[in-house]
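The values are calculated or read from the model by the stated rules, or taken from the named source; none is laboratory data. Fair warning: this is a prediction, and the values are worked out from it, not measured in the lab. Backbone-built Cβ (ideal geometry, glycine too); neighbour counts: all protein chains shown. Only protein heavy atoms, including side chains, enter the accessible area calculation; ligands, DNA and RNA are left aside. Shrake-Rupley method; radii C 1.70, N 1.55, O 1.52, S 1.80 Å.
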Amino acid sequence: MRSLLRVLPYLRPYKRLAVLLGALLLLASLTGLLSPWPLALLVNCVLGQIPLPHWMARLLGPAAQSKVSVIIFVVSLGWGLNLLENAVSVIIAYAQTKLEQSIVLDFRSDLFQHVQKLSFSFHDQAKSGMVIYQVNFQGDAAAGLLMAIAPLVQSAITLVGMFYISMRLDFMLAMVALSVVPFLYYSVGYYATHIQSQLREVKQLEGSSLAVVHEALSMLKVIVAFCREPFMFGLFRDIGERAVSARVKVTVRQTLFSLAVNMITATGTSLVLGIGALHVLQGKLNLGGLLVLITYIALVYKPLEAISYTIGSLQDKFVGLQFAWDILDKEPEIQDLPDALPLKK
């Protein structure tokens, strides 16, 4: 939360774009809630014997008596919802990219400007390659943290809406679907607790590798004069191999986390499918309702998985932000007095 409050000011210059993005994400959630219903209408009202909903019968008028007309209407409705959903996703991608890249540029600019103000004692002690790594490669951490808010909110809205509709259709199946949440919560908590130190080690080694390259190129004449090329290459390889090993370990942990999330949601889907089939045989649920419910449960698990993955990926942003704060929190030794006069040209 402290990191979030600290990076929120970077959103202020683009508040209109952020509000637009929020509205588009809300619209995307609503279209997602509507998308399974054309299939249910087709199964229940065309292939089955359930009467048309009142709004649909009123809208179609006399054409409601023709099953061909109903099929055309339902298929067109499904196509229209799909078109709307895809059009909204394209606009969301544009707004997200523009907002994210603008924030990245602003944050990197602040880092670069602050580095120039730091005293020579800092630059004497710090490796230039590591500073370049922090400014250029960790400069997107602030934007990554801010941009994670929107998908989390969208997933939460979608989750609440779909779970409410699922409860209206079959309360027991909705509760069965929700039974996976504690396991997802534990998986996310365990992953977040154990991954940060490893991510920091990876970033430290990658920054050190870049520092060796920068040092070698900036002092190439001296290195060649003293025949130190093999030594610098050995140093580069040693740090690079350790960085590769650390990155592989992190990737394995990330893959295992994804596997755990997928298996937890797959277990929930299997339970819902089995119990739902029994409810249809017992007459507690119609076939169209089961199809809608299965679709909704799959869509319920999508935001749950998105929330889990987003929270997991935020650990990388938190570590990147810590690297950035390490620079921004350093105060220059020489500073202007509060009443200093600007130097004229």
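Which residues, counting only those in the range 326-341, are of a type outside the set (D, E, K, R) and either touching a helix residue (DSSP H, G or I) at 6+ places or on another chain (Cβ under 8 Å) or touching a residue at least 40 places away in the same chain (Cβ under 8 Å) (or both)?
Correct list: ILE327, LEU328, PRO332, ILE334.
Quick one: how many residues across the range 1-38 are of a type in the set (Phe, Trp, Tyr) and touching a Lys or Arg at 6+ places or on another chain (Cβ under 9 Å)?
We begin by selecting, within the range 1-38, every residue of a type in the set (Phe, Trp, Tyr); these are 10, 14, 37.
Filter once more, keeping what is touching a Lys or Arg at 6+ places or on another chain (Cβ under 9 Å): 14.
Selection size over the range 1-38: 1.
Which residue pairs have Cβ atoms under 8 Å apart, sit 6 or more places apart or on different chains, and have a first residue in the range 264-285 that is more than 24 Å from VAL181 (Cα to Cα) and a second that is acidic (Asp, Glu)?
LYS284/ASP170; LEU285/ASP170
Given the conditions (1) at pLDDT 75 or above; (2) surrounded by 14 or more Cβ atoms within 10 Å (Cβ to Cβ); (3) over 17 Å from the mean Cα position of the chain (by Cα); (4) under 26 Å from LEU30 (Cα atoms), which single one is not true for GLU100?
(3)
How do the helices (runs of 4 or more DSSP H) wholly within the range 1-106 filter down when requiring 1 or more residues that are farther than 30 Å from LEU152 by Cα: which remain? Talk me through it step by step, then tell me what you get.
Values: elements: 2-7, 15-34, 37-41, 54-60.
It comes to 37-41, 54-60.
Just to be sure, is MET263 assigned to a helix (DSSP H, G or I), at pLDDT 80 or above and out of contact with any helix residue (DSSP H, G or I) (no Cβ under 7 Å at 6 or more places or on another chain)?
Details: assigned to a helix (DSSP H, G or I): yes; at pLDDT 80 or above: yes; out of contact with any helix residue (DSSP H, G or I) (no Cβ under 7 Å at 6 or more places or on another chain): yes.
Yes.
If you check LEU5, LEU24, which single one turns out to be of a type outside the set (Ser, Thr, Tyr) and in contact (Cβ under 8 Å) with a residue 24 or more places away in the chain?
LEU24
Of the residues ALA177, ALA192, only one is open to solvent by less than 20 Å² (accessible area, probe 1.4 Å) and assigned to a helix (DSSP H, G or I); which?
Numbers: ALA192 fails: open to solvent by less than 20 Å² (accessible area, probe 1.4 Å).
Matching residue, one of ALA177, ALA192: ALA177.
So which residues in the range 1-39 are open to solvent by 70 Å² or more (accessible area, probe 1.4 Å) and of a type in the set (Phe, Trp, Tyr)?
Scanning the range 1-39 gives a single hit, TRP37.
Residues ASP124, ASP106, ASP140: which one is open to solvent by 30 Å² or more (accessible area, probe 1.4 Å), closer than 24 Å to SER208 by Cβ and within 27 Å of the chain's Cα centre (by Cα)?
Of ASP124, ASP106, ASP140, the one residue that is open to solvent by 30 Å² or more (accessible area, probe 1.4 Å), closer than 24 Å to SER208 by Cβ and within 27 Å of the chain's Cα centre (by Cα) is ASP140.
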